[in-house]
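Scroll down for the structure; my scribbles are underneath it.
The values are calculated or read from the model by the stated rules, or taken from the named source; none is laboratory data. In this text, all values refer to a predicted model and were calculated from it rather than measured experimentally. Positions of Cβ are backbone-derived with ideal geometry, glycine not excepted, and every protein chain shown enters the neighbour counts.
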Amino acid sequence: MEGYVEERIIEREFGELALNMGPQHPSTHGVFRMKLHLRGETVVNVVPDIGYLHRGVEKLSETLDYDMLPPVYERDDYLCPTANSLAFVLAVEKLASIEVPRRASYLRVITAELQRIASHLVAIGTFGLDLGGSMGGGTTLFLYCFRDREKVLDLMESLTGTRFHTNMNQIGGVRYDLYPDFAKEVMELKQYLEKLVDDYRSMLETNPIFLERTRNVGIVTQELAKEFGASGPVIRATGIPYDIRRSKPYSAYGEFEFNIPLGTIGDVFDRYLVRILEISESLSIVSQALEGLPEGPVNSRKPLKSALLLKPPKGAEAYGAVESPRGELGVFVVSDGTSKPYRLKLRSPSFSNLALISEILPGNLVADAVAILGSLDPVFGDVDR
Amino acid sequence: MIFIMGFLESAILLGAVIGIVAYLTWLERKFSGRMQSRIGPYLVGRPHGWLQPIADGLKLISKEDIVPAKADGLLFNFAPAWILVVSLLGFAFLPITANWVLVNMDLGLLYFTAFGSLIVIGVFTSGWASNNKYALLSSLRSAAQIVAYEVPLLFSLLVPAILAGSLDFMDIIRAQKGYWFITFPVIGQISFLIFLLASLAESNRMPFDLSEAESELVAGFSIEYSGMKFAYFYLGEYVHLLAVSLLVSILFFGGPLGPILPGGVWITIKTMAVFLGILWIRWSFLRVRIDQLMMFNWKILTPVSFIVLLLAGLWVNLKAGM
């Protein structure tokens with residue numbers, strides 16, 4: 001009722017149409033509500049409203065043992081589970097000074113990069129839905145991307161037994177070692193995906209409608225991106241080479257050669273381009289990791305119950321950050337000497353990236369509002385935590 | 001007697017059109033499925049889900065008919081019926097074979113386009129009567145779009161009419177005995193393209209389905225409709241699309257003309273080819289934005305259609321002078 005009165009006030013006093021986009025809307029990528037003020041079809045003001053998917057991950061962490069938490073973090077950003085648990089285990093390993101075997105670091109890189117590919121394919125596919133709707137060319141792109149993503153997930157399934165929430169990372173290493181044919185299957189996938197990425201690029205980047213819809217739309221300037229703490233493809237699309245894999249290497253990233261794809265002006269097209277180029281880079285990182293894979297154990301400790309619970313020293317603090325497909329995903333842990341974290345803070349990339357919309361939406365048409373939101377690729381599990 | 005015959009004939013035509021349209025939705029689903037590396041309907045009726053349209057029809061008929069509390073009841077119920085009826089009426093003037101047409105009149109082309117442009121009234125009414133903001137935005141879009149695209153649509157239609165020297169479909173078909181109008185250098189191809197694009201825009205198809213626009217306006221003007229009323233919109237859209245395909249095959253591809261096979265077979269083949277072309281466009285393009293749509297119309301399609309019309313008139317005049 002309150003919302004209704006608010007809408008009437010906007011319409012009477014300002015002569016604008018108040019459009020309540022979401023929380024149930026096909027293009028909000030989850031449960032997200034945008035209060036749009038429209039003049040004609042032009043957005044003049046937008047009030048984002050988040051929190052519909054709040055699951056209290058941070059508070060929940062204070063009630064669980066360290067070894068029980070990586071699976072919880074996999075559910076945080078539900079498009080790249082291993083990146084989340086990786087951030088958490090990195091923070092805890094720093095906190096308790098646990099050594100990680102080199103092979104485990106390599107395996108972490110492999111799974112994280114495979115899931116980056118899967119996540120970017122989802123981002124590009126759903127971006128197609130935003131631009132072309134569920135009853136047209138957009139679905140074609142969407143289904144192509146999901147078909148290829150399923151191949152990546154099949155690989156994860158044969159590696160870990162679960163196609164999505166893999167439980168791969170644990171404190172002190174990884175849970176599963178490779179099986180004999182894994183490298184061969186990854187190479188097949190690499191060949192398959194490289195060809196298809198070329199196909200998609202030629203399909204989209206020569207399509208005048210796609211270019212018209214994405215070029216010079218939703219421009220994020222470098223200053224704006226820095227001011228809002230944007231990261232991931234959103235900041236790299238503006239031309240700032242900020243990538244934690246390069247600037248602050250974690251796990252085994254220091255040992256691989258890879259490029260950081262950059263955009264030029266930071267519009268919707270650049271964000272798409274950065275993502276699709278990153279797929280190729282990820283494939284190259286995975287193949288490098290498989291070639292140089294060291295022998296040895298995959299974990300330095302087993303997750304244990306009761307008797308030997310992991311108890312980091314009292315008062316210790318640690319921050320572990322990874323480059324998730326959406327940007328800088330950080331976990332800050334404070335220990336009080338017990339087996340449970342005293343406080344845990346999650347720095348989610350989707351949250352900071354999403355904050356940009358109140359700056360870049362006004363002045364665009366409703367159709368572009370959807371495209372811009374899609375290009376930021378927010379995951380609402382990650383935004384609301 | 002004449003009355004009864006006319007009644008029977010129109011009943012047969014009506015039934016045939018609706019039956020064909022039901023199976024066109026099946027065709028579209030199979031076709032889009034193949035394009036998207038999936039199978040499409042498969043389980044309802046082997047082989048290949050041939051009972052799917054009937055199952056869908058039964059489902060839609062048996063659904064609850066919901067009228068929102070704040071909707072304008074009368075207009076809300078009137079709009080879907082209007083769309084279906086007006087779309088179906090267009091068929092009365094289209095020749096199905098070389099010597100059979102329900103209503104044969106000198107101005108068949110004019111009547112057909114007149115009925116085609118009446119559809120927008122139904123769309124606009126439904127958007128207004130739904131009392132929903134998405135529906136309202138969508139109906140505004142659709143009104144702007146159809147008014148704009150009428151201009152190039154009509155001008156491109158006039159090119160075959162000028163070349164044939166008549167607005168009567170029969171005369172247009174007869175004039176194509178020597179060559180199909182699509183093969184007429186430059187003018188034929190350009191006016192064909194303009195007509196195809198403009199009629200896609202008029203019948204709200206991809207990439208111009210801005211009034212449906214699920215990604216931003218959810219489902220646009222049909223957002224509040226359910227059950228059979230929703231099906232009326234769907235049916236109306238496909239009937240209009242079939243009419244457009246038929247019209248293209250008559251105006252540019254010589255309709256029933258062709259070697260060996262009888263006229264009915266030729267016109268079916270041509271209509272289906274055009275229809276599949278439209279489906280191909282639909283499932284491979286993204287949607288344009290409303291301002292781009294308008295720019296495209298007023299800056300490119302309309303001037304080009306003027307020029308093509310002028311050239312066609314000039315050629316006919318010169319030929320008559322010689």
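Limited to region A:204-239, what total is found for residues that are buried (at least 23 other Cβ atoms within 10 Å of the Cβ) and part of a loop (DSSP other than H, G, I, E, B)?
Count: 7.
Can you say whether A:S27 is of a type in the set (G, A, S), under 20 Å from B:S215 (Cβ atoms) and at pLDDT below 85, as far as the supplied structure shows?
Yes, satisfied.
Hey, can you tell me all the residues within region B:213-225 that are in a loop (DSSP other than H, G, I, E, B), facing chain A (nearest Cβ under 7 Å) and either within 16 Å of the chain's Cα centre (by Cα) or more than 22 Å from B:L242 (Cα to Cα) (or both)?
Hit for region B:213-225 is B:V218, nothing else.
Go through B:K70, B:K63 for me and flag whichever is within 14 Å of chain A (Cβ to nearest Cβ) and more than 18 Å from the chain's Cα centre (by Cα).
Result: B:K70 is the single residue among B:K70, B:K63 that is within 14 Å of chain A (Cβ to nearest Cβ) and more than 18 Å from the chain's Cα centre (by Cα).
When you look at A:F88, is it farther than 20 Å from A:S352 by Cβ, aromatic (F, W, Y) and more than 14 Å from chain B (Cβ to nearest Cβ), yes or no?
No, not satisfied.
Got a number for residues in region A:199-208 being of a type in the set (A, V, I, L, M) and away from every other protein chain (no Cβ under 13 Å)?
Within region A:199-208, residues that are of a type in the set (A, V, I, L, M) and away from every other protein chain (no Cβ under 13 Å) number 0.
Among the residues of region B:109-136, count how many are more than 14 Å from the chain's Cα centre (by Cα), buried (at least 23 other Cβ atoms within 10 Å of the Cβ), away from chain A (no Cβ under 14 Å) and of a type outside the set (A, V, I, L, M, F, W, C).
Number satisfying all stated conditions: 3.
Exactly one condition in (1) more than 14 Å from chain A (Cβ to nearest Cβ); (2) at pLDDT 85 or above is not met by B:P185; state its number.
Condition (2) is where B:P185 drops out.
Could we say that A:V174 is under 21 Å from A:I279 (Cβ atoms), away from chain B (no Cβ under 14 Å) and not aromatic (F, W, Y) here?
So A:V174 does not fit the description; no.
Any residue in region B:21-45 that's within 11 Å of another protein chain (Cβ to nearest Cβ) and on the phi < 0 side of the Ramachandran plot: show its pairings with residues that are assigned to a loop (DSSP other than H, G, I, E, B) and among the polar types (S, T, N, Q) at Cβ separation under 9 Å, as long as the two are six or more apart or on different chains.
Taking only residues 6 or more apart or on different chains, the pairs are B:M35/B:S284.
The rows are residues; the columns are (1) surrounded by 19 or more Cβ atoms within 10 Å (Cβ to Cβ); (2) away from chain B (no Cβ under 14 Å); (3) within 23 Å of A:S247 (Cα to Cα).
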site: A:K311; (1), (2), (3): no, yes, no
site: A:K314; (1), (2), (3): no, yes, no
site: A:P325; (1), (2), (3): yes, yes, yes
site: A:S335; (1), (2), (3): yes, yes, no
site: A:S350; (1), (2), (3): yes, yes, yes
site: A:E359; (1), (2), (3): no, yes, no
site: A:G363; (1), (2), (3): no, no, no
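Would you mind finding the one in A:L196, A:L211 that is within 21 Å of B:R282 (Cβ to Cβ) and within 14 Å of another protein chain (Cβ to nearest Cβ)?
A:L211
In region A:131-162, which residues are among the small types (G, A, S), more than 10 Å from every other protein chain (Cβ to nearest Cβ) and either touching a Lys or Arg at 6+ places or on another chain (Cβ under 6 Å) or not in a helix (DSSP H, G or I) (or both)?
Once the filter is applied, which keeps residues that are among the small types (G, A, S), more than 10 Å from every other protein chain (Cβ to nearest Cβ) and either touching a Lys or Arg at 6+ places or on another chain (Cβ under 6 Å) or not in a helix (DSSP H, G or I) (or both), region A:131-162 yields only A:G161.
Select from region A:240-298 the residues that are crowded, with 22+ Cβ neighbours inside 10 Å and of a type in the set (K, R) and write down the one among them that is nearest to A:N364 (Cα to Cα).
Once the filter is applied, the top-ranked residue is A:R271.
Would region A:2-16 turn up any residue that is more than 30 Å from A:Y342 (Cα to Cα) and part of a strand (DSSP E or B)?
No, the conditions are met nowhere in region A:2-16.
Can you confirm whether region B:140-158 contains a residue that is over 26 Å from B:P207 (Cβ atoms) and buried (at least 19 other Cβ atoms within 10 Å of the Cβ)?
Taking every residue of region B:140-158 in turn, none turns out to be over 26 Å from B:P207 (Cβ atoms) and buried (at least 19 other Cβ atoms within 10 Å of the Cβ).
Of the conditions (1) within 14 Å of another protein chain (Cβ to nearest Cβ); (2) modelled with pLDDT of 85 or more; (3) under 25 Å from B:A16 (Cβ atoms), B:L242 satisfies every one except a single condition; which number is it?
The failed condition is (1).
Would you confirm, using the coordinates I've provided, whether B:V265 is crowded, with 21+ Cβ neighbours inside 10 Å, β-branched (V, I, T) and away from chain A (no Cβ under 14 Å)?
Criteria not met by B:V265.
I'd like to know if region A:110-130 contains one or more residues that are facing chain B (nearest Cβ under 7 Å), surrounded by fewer than 24 Cβ atoms within 10 Å (Cβ to Cβ), without any contact (Cβ under 8 Å) to a residue 40 or more places away in the chain and part of a helix (DSSP H, G or I).
no
Give me a count of the residues in region B:281-304 that are without any contact (Cβ under 8 Å) to a residue 12 or more places away in the chain and more than 10 Å from chain A (Cβ to nearest Cβ).
The qualifying residues number 3.
Working only within region A:214-250, note down all residues that are away from chain B (no Cβ under 14 Å) and of a type in the set (S, T, N, Q).
Passing the criteria: A:T221, A:Q222, A:S231, A:T238, A:S247.
Keeping to region B:192-212, report how many residues are within 14 Å of chain A (Cβ to nearest Cβ), farther than 18 Å from B:L118 by Cα and at pLDDT 85 or above.
Qualifying residue count, region B:192-212: 1.
For residues that are in contact (Cβ under 8 Å) with a residue 24 or more places away in the chain and outside any loop (DSSP other than H, G, I, E, B), scanning just region A:251-262, find the one that is nearest to the other protein chains (Cβ to nearest Cβ).
Among residues in region A:251-262 that are in contact (Cβ under 8 Å) with a residue 24 or more places away in the chain and outside any loop (DSSP other than H, G, I, E, B), the one nearest to the other protein chains (Cβ to nearest Cβ) is A:Y253.
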